[in-house]
Amino acid sequence: MEVMTKIQSHPTKNNLFNKVRKAFSNENNPPNSHGNNNGPQKPMADNNGPGRIKTGMQSAGNREKNMEKAAKKEGKEVRMETKNLNIRYGTTVAVDNVSLPIYNHMVTALIGPSGCGKTTFLRALNRMHDLTRDAVISGEVLLDGKNIYDPRVNPVTIRRKIGMVFQKPTPFPTMSIYDNVVAGLKLVGIKNRKLLDEVCEKALKQAALFEEVKDRLKSPGGSLSGGQQQRLSIARALAIEPEVILMDEPTSSLDPKSTAKIEDLIVELRKNYSIIIVTHNLAQATRVSDYSIFMYLGQLIEYGKTHKLFNNPKDTRTENYISGKFG
Amino acid sequence: MIKPVKSLKQRNLRDRVMESLLVFSTILVMAPLLIIIGYVVVQGASAINADFFIHELGSPARAMQGRPTGLVHSILGTAVVDFLALIIAIPVGLGAGVMLSEYPDHKLNPMLRIINDTLNGMPAILKGLLAFALIVKPMGTFSGLAGGVALAFVMIPIIARSTESALMSIPWTIREAGLAIGLPRWRVVLSTVMPAAKTGLVTGFLIAFARAAGEAAPLLFTSFGNNYLPNHWTGMIMGPVDTLPQRLYSLAISPYKEWHAMGWAAGIVLLAFVITLFITARMLTKEKKY
């Protein structure tokens, strides 16, 4: 509830929250600015004509430059960047030539219909595809200007800088709550008990879980509720003090109360980390993110400030998606 | 409603016929095991007594003159050779199983899978021959060690396969979670996946152990057999040593009636041992898994 009041007090966000909510209630058919009102399928087909894709790709470079300029004006630095990122599974193209910057201390939301390549894109940002034999990746992913796919770069060091929280809570089943949180430190040989205690407490506090578990740190991680397990997973990711945190639909398996807690947490964590979050919940994207990326069929369709993208989408496909016409 | 061609009565009859066919084949499956257990126990029970577990076999004359004989040397020998095999097979089989399950992207993986399956299907006597060439020939003597190596060849493919399936039963997300906090792959396997799969791993060891414990063929020309207990325990590893399955074979083909009964008794001990192992493995599998 806290989250909602916060949003409603914000004039632009209020507007857009209503819009999203309206989109979900299915009663609407908002006026289509591009004059294409022939139902959900038609405009999509038009947009996918070969000519359309070409212009889309041409404008991608310009858009990127413009965004960088705008970001510089606002004093934001680029933390990560993808350059012509392509990901295929066998012959299926999952991510198609995506180039975009990710800004420091910002929450960036990745939205788009199922199967559009959001998760594939996210997992490429900390080399999670290394274990998938048939995933072929080309292009560059830069962290502070350095390509993380450089053969000289060790994926382990990358993943210590770029943490990840998954769709389902994944506590290590045989470990206690305490051991789960400090696993990333303890298992690489850090034995200083005092340090581990401090890190554990700090991470659990950051993840808003400490008060609930402080008296039973020795009980198994699996004994917690789903929402608590997900916050435990977040605490575990925070304990190694990464710089960027990737979240893959972190609240999709949680109830509204736990979701609200995790959303508050994301807003809070933004002060210290750069966060990229994949979400199917558009209202969530508007609540927590500063920037939004809309992907469709593996392509980057639109990227911009969240309130701009939701209130004033430039692409018909974005508009159709956020107004609930497909997805 | 569309009416079925056959009446309800006919269909019920068919159902019952099918069910009784299934029951019949179930009985056919269970019968051999029950007959074997029953027959072995009936034939060998008379030879099972305290002497059987205290004394060694000695020469045929000993049994014919009615002096106390037993198979303590075979029981101890089996324990030594089988544990030796397990010590050799666990690290190798475990390593192969981890490779099969955790490194599907490794270029050696497909070859390992083929070789492991071939080794599993290879006749056990050939494994004995291999151990003969590797150990007996250079050492110049039959030995418990050679027997252990031969049985390890029996255990390795079984352990590799059971390890693979035990590890695969752990959700892949656990590994990704481990990698995401910057752990190297080997550490993820060792500290998160393997502890979660512990029960499955141990079950695999037990099943491999039980399978190998019943093998006679690979031992015939490796541990060879011995009618006496060696003077020192090291003799069980470095010299020819007796084992139950191979002793059962020797006793069964011997011309002495007294020895035949002892052969059956050896069968009882072997069966009891193997069945205990299988039941333990079964109970472990039933325990809660993650």
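Conditions (1) surrounded by 21 or more Cβ atoms within 10 Å (Cβ to Cβ); (2) not in a helix (DSSP H, G or I), marked per residue:
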position: B:Pro195; (1), (2): no, no
position: B:Ala212; (1), (2): yes, no
position: B:Pro255; (1), (2): no, yes
position: B:Glu258; (1), (2): no, no
Of all residues being part of a loop (DSSP other than H, G, I, E, B) and surrounded by fewer than 23 Cβ atoms within 10 Å (Cβ to Cβ) in the stretch B:166-186, which is nearest to the other protein chains (Cβ to nearest Cβ)? Just the residue, please. B:Pro184
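Can you name the helices (runs of 4 or more DSSP H) wholly within the stretch A:218-289 that have at least 1 residues being within 16 Å of the chain's Cα centre (by Cα) and of a type in the set (Asp, Glu)? Working first, answer last.
Working: elements: A:226-239, A:256-269, A:282-288.
The qualifying helices (runs of 4 or more DSSP H) are A:256-269.
Go through the residues of the stretch B:146-164 one by one and say whether even a single one is among the charged types (D, E, K, R) and surrounded by 19 or more Cβ atoms within 10 Å (Cβ to Cβ). Lay out the reasoning, then the answer.
Our first condition is that a residue be among the charged types (D, E, K, R); within the stretch B:146-164, this holds for B:161, B:164.
Retained after the next criterion (residues that are surrounded by 19 or more Cβ atoms within 10 Å (Cβ to Cβ)): B:161, B:164.
Yes; the residues of the stretch B:146-164 include at least one that is among the charged types (D, E, K, R) and surrounded by 19 or more Cβ atoms within 10 Å (Cβ to Cβ).
Answer yes if at least one residue in the stretch A:259-268 is within 14 Å of another protein chain (Cβ to nearest Cβ) and either crowded, with 24+ Cβ neighbours inside 10 Å or among the basic types (Lys, Arg) (or both), and no otherwise.
Of the residues in the stretch A:259-268, the ones within 14 Å of another protein chain (Cβ to nearest Cβ) are none.
Within the stretch A:259-268 (the criterion being within 14 Å of another protein chain (Cβ to nearest Cβ) and either crowded, with 24+ Cβ neighbours inside 10 Å or among the basic types (Lys, Arg) (or both)), the answer is no, since none of the residues qualifies.
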Residues located in the stretch B:36-57, provided they are outside any helix (DSSP H, G or I) and either surrounded by fewer than 16 Cβ atoms within 10 Å (Cβ to Cβ) or in contact with a Pro (Cβ under 9 Å, 6 or more places away or on another chain) (or both): B:Asn49, B:His55
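With of a type in the set (S, T, N, Q) and surrounded by 13 or more Cβ atoms within 10 Å (Cβ to Cβ) as the only criterion, which of B:Ser20, B:Ser74 stands out?
On the way: B:Ser20 fails: surrounded by 13 or more Cβ atoms within 10 Å (Cβ to Cβ).
Answer to the check: B:Ser74.
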Residues of the stretch A:161-181 satisfying the condition of being of a type in the set (A, V, I, L, M), more than 9 Å from chain B (Cβ to nearest Cβ) and over 24 Å from the mean Cα position of the chain (by Cα): A:Ile177
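Of the residues that make up the stretch B:211-227, is at least one among the acidic types (Asp, Glu) and within 30 Å of A:Lys186 (Cβ to Cβ)? Walk me through it before giving the result.
From the stretch B:211-227, those among the acidic types (Asp, Glu) are B:215; that's our starting set.
Cutting the leftovers down to within 30 Å of A:Lys186 (Cβ to Cβ) gives us none.
No, the stretch B:211-227 has no match at all.
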Need the failing condition index for A:Lys308 against (1) charged (D, E, K, R); (2) in contact with a helix residue (DSSP H, G or I) (Cβ under 9 Å, 6 or more places away or on another chain); (3) over 20 Å from A:Glu211 (Cα atoms), just the number. (2)
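Taken together, the values in this text are just the output of simple stated rules run on the coordinates, not laboratory data. This is a predicted model, so every value here is computed, not measured. Neighbour counts are summed over all protein chains in view; Cβ atoms, including those assigned to glycine, are modelled from backbone coordinates with ideal geometry.
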